[in-house]
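Student: Right, I'll just put the structure down here and ask away after.
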Amino acid sequence: MQRYFVPNEQFQANTVTITGDDARHIVRVMRMRPGDEIILCNHSGQAYAARIASIHETGSVSADIVSLLDQRPELPVHVTVAQGLPKGDKLELIVQKGTELGAREFWLFPSERSVVKWEGAAKVERKLGRLHKIAKEAAEQSHRNFIPAIRKHEGLEDLINESRRYEHKLVAYEEDAKTGRTKGLPELFRRIRPGESLIAVIGPEGGFTAHEVSALERAGFHRCSFGRRILRTETAPLYLLSSVSYYFELENGVN
């Protein structure tokens, strides 16, 4: 069934009102009618089976809740990808595929080797809006119960301050891959328990400077390589999320 994310305030008792782009998608793209079934997710991570009750001339759609779904599509570990701003449309790929793979949040920040600069409140708002739309569509497609939050930080120091609430922290460091240091990630995974949080900081093209890595290590971030090969900036977060899924969902069978 088609899945839609609806703000909490549009849930009233056993009825949900769907508006905007989602209502247009139901009526004009999917050509649904009263009686058709859909899945509706609120912003608290709950998913409901629902049945379309009526389609209004104003463009909104009313649906009746049928049942609460017992679905557990989220990763057992709350993973935040902190991404140094990359060039071109790589960030859109990271957000889209990272959402499909289970990232809970994306933090974006300019690092010393970032070529791209996001300047001006209007530009930042426009870019974040575009990325949120991509995340929403990817969450619907992959049957997530949450749309990942997307936030921009002013720089590494701001990111480090915000990272204090995380139980586990890592920085992807390509120099460790070059020297064959590959035990960092498995060792970190063995310390993580289901339900805990992990933030992974990944550099832009060119990686991090030694100064940045030192600052992250002083803040409690563990240096990790992602195998023996050097990954592109848009590949690294997808490798990490896939590894988390394999280790915690498949290898150890956490539900």
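Read-outs throughout are calculated quantities, based only on the coordinates presented, and are distinct from any laboratory measurement. Just so we're clear, the structure is a prediction, and the values are computed from it rather than from any experiment. Glycine also receives a Cβ, built like all others from the backbone with ideal geometry; neighbour counts cover every protein chain displayed.
Student: Spin-label point model (7 Å from Cα, Cβ direction): what's the Arg51 to Val116 distance in nm?
Tutor: Output for this residue pair reads 4.6 nm.
Student: For the range 207-218, just list the computed ³J(HN,Hα) in residue order, Karplus coefficients 6.51, -1.76 and 1.60, θ = phi - 60°, integers in Hz, with x standing in for Gly and Pro.
Tutor: Here the 3J(HN,Hα) series is x, 8, 7, 4, 5, 5, 5, 4, 5, 5, 5, 4 Hz.
Student: With unit charges on the beta carbon (Lys/Arg positive, Asp/Glu negative), name the residue among Thr235, Gln10, Leu40 whose Cα is farthest towards the positive pole of the charge dipole of the chain.
Tutor: Result: Thr235, furthest along the dipole toward the positive end.
Student: Based on DSSP H runs of at least 4 residues, each adding -39500 (n - 2.57), what is the mean residue ellipticity at 222 nm of the chain after dividing by all its residues, to the nearest 500 deg cm²/dmol?
Tutor: Calculated mean residue ellipticity at 222 nm is -8500 deg cm²/dmol.
Student: Return the subset of Lys97/Lys133; Lys90/Lys127; Lys117/Lys152; Lys152/Lys183; Lys97/Lys183 for which the Cα-Cα distance in this structure is over 21 Å, preserving the input order.
Tutor: Over 21 Å Cα-Cα: Lys152/Lys183; Lys97/Lys183.
Student: Within a Cβ distance under 15 Å of Val66, other residues only, what is the Lys/Arg minus Asp/Glu net charge?
Tutor: -2
Student: Moving on to the next point. Quick one: which residues, 5+ away or cross-chain, put their amide H under 5 Å from the amide H of Arg223? H built at 1.01 Å from N.
Tutor: Here the answer is Val171, since their amide H atoms fall under 5 Å of that of Arg223.
Student: Here's something else I'd like to know. Which far-off residues, 5 or more places away or on another chain, put their amide H under 5 Å from the one on Ala82, with H placed in the peptide plane?
Tutor: Trp107, Ala200, Val201, Ile202
Student: Would you kindly derive the ³J(HN,Hα) couplings of the range 53-67 from the backbone phi angles with the Karplus curve 6.51 cos²θ - 1.76 cosθ + 1.60 (θ = phi - 60°), listing them in order in whole Hz, with x for Gly and Pro?
Tutor: 9, 7, 10, 9, 5, 6, x, 7, 10, 9, 9, 9, 6, 9, 6
Student: Considering the chain as a Gaussian network with a 10 Å cut-off on Cα pairs, which listed residue, Lys136, Lys90, Lys152, attains the greatest mean-square fluctuation?
Tutor: So, out of Lys136, Lys90, Lys152, the one fluctuating most is Lys90.
Student: Still on this model: What percent does the relative contact order of the range 135-255 come to when contacts are Cα pairs within less than 8 Å and at least six residues apart?
Tutor: Working: 115 pairs, mean separation 37.3, N = 121.
Computed over the range 135-255, the figure is 31 percent.
Student: Please report the net charge: other residues with Cβ closer than 13 Å to the Cβ of Lys178, K and R +1, D and E -1.
Tutor: Net charge around Lys178: +1.
Student: Dipole of the chain, Cα-centred, from +1 at each Lys and Arg C-beta and -1 at each Asp and Glu C-beta, to the nearest 20 debye? List each step's numbers first, then the result.
Tutor: Numbers: 36 positive and 34 negative charges, 98 e Å.
Once rounded to the nearest 20, the dipole reads 460 debye.
Student: Would you mind counting up the charge near Glu167? Only other residues with Cβ under 13 Å from its Cβ, with Lys and Arg at +1 and Asp and Glu at -1.
Tutor: Around Glu167, the charge tally is +4.
Student: Hey, of (i) 1.05; (ii) 1.11; (iii) 0.97, which did the structure itself give for Cα Rg over 2.2 N^0.38 Å when calculated?
Tutor: Among (i) 1.05; (ii) 1.11; (iii) 0.97, the one calculated here is (ii).
Student: Still on this structure, please answer the following. Taking the Cα centre as origin and putting +1 on Lys and Arg beta-carbons and -1 on Asp and Glu beta-carbons, what dipole magnitude results for the range 3-68, to the nearest 20 debye?
Tutor: About 200 debye.
Student: Looking at Ile65, Ser114, Val201, which one has the Cα that reaches farthest to the positive end of the dipole of the chain (charges on Cβ: Lys, Arg +1; Asp, Glu -1)?
Tutor: Looking along the dipole axis, the top candidate is Ser114.
Student: Then there is this: Pick out which of Val171, Val116, Val244 has the largest mean-square fluctuation in a Gaussian network model of the chain, springs linking Cα atoms closer than 10 Å.
Tutor: Sorting by GNM fluctuation, first place goes to Val116.
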